Amino acid sequence: MELPGWDEQCGRVNNGPGAGDSAGEEIPRRLRLPLLPRAVRVAAVLVVAGVIAYFSLVTNVRPAGSGPFFDKYAHAAGYTVLALTAAYATARLRDTPRRRLLLVVGGVAGYGLLVELLQAPLPGRQFSLLDQAANTLGALAVVGWLAVERRVRYRRVGVDDRRHETD
């Protein structure tokens, strides 16, 4: 005999025998994540942007044996990380999803364009529309996270270690 309560294996509420559907009623789960202080989140965005600028403007790293599209994958991966970091930094704007999406994707893609323009006059570097397309594709990858994030509950942590949860 099953007792009423939470069934951990299938993530359903078990209301006991004779309480409706025998399989139980589906309950949405929430992933709980810490929400660091705003200054830390913004600093993380600046660090990721700085790493991208360094590898785009200062050094030219290409591993031996890398394929012909290595740089496009690197651009997409770097800008995906930047977009995810920016999305986390703007978690407090969840109640305005369109504005937030435009801010994150536009900001990240715009930063990619700025970096591409800064590369143009540098020796050994060039402006590339294909690189910018990879940057923008990386920025657009945040759309997947924003869809998943609706099921996330952030728990604020910080200096005074107050514990608040935000949907």
Quick test of your reading of the structure: residue 19 fulfils all but one of (1) of a type in the set (A, V, I, L, M, F, W, C); (2) modelled with pLDDT of 95 or more; (3) exposed (fewer than 15 other Cβ atoms within 10 Å of the Cβ). Name the failing condition by number. (2)
Restricting to the stretch 55-96, count the residues that are closer than 26 Å to residue 121 by Cα and either in contact (Cβ under 8 Å) with a residue 12 or more places away in the chain or part of a helix (DSSP H, G or I) (or both). 17
Could you please find all residues in the stretch 145-163 being part of a helix (DSSP H, G or I) and either at pLDDT 95 or above or surrounded by 15 or more Cβ atoms within 10 Å (Cβ to Cβ) (or both)? 145, 146, 149
Looking at the stretch 97-118, can you tell me whether even one residue there is outside any helix (DSSP H, G or I), surrounded by fewer than 11 Cβ atoms within 10 Å (Cβ to Cβ), assigned by TED's automatic domain parsing to the domain that holds residue 154 and at pLDDT below 95? no
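Condition test on residue 139, is it part of a helix (DSSP H, G or I), over 11 Å from the mean Cα position of the chain (by Cα) and not charged (D, E, K, R)? Show your work before the answer.
Numbers: part of a helix (DSSP H, G or I): yes; over 11 Å from the mean Cα position of the chain (by Cα): no; not charged (D, E, K, R): yes.
Taking the combined requirement at face value, the residue does not satisfy it.
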Does any residue of the stretch 128-146 turn out to be within 25 Å of residue 36 (Cβ to Cβ) and either among the acidic types (Asp, Glu) or free of Cβ contacts under 8 Å to residues at least 24 places away in the same chain (or both)? yes
For residue 56, which of the numbered conditions (1) of a type in the set (S, T, N, Q); (2) farther than 19 Å from residue 145 by Cα; (3) at pLDDT 95 or above fails to hold? (3)
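The values are calculated or read from the model by the stated rules, or taken from the named source; none is laboratory data. From a predicted model like this one, the values you see are computed outputs, not experimental measurements. Cβ: placed from backbone, ideal geometry, glycine included. Neighbour counts: every protein chain shown.
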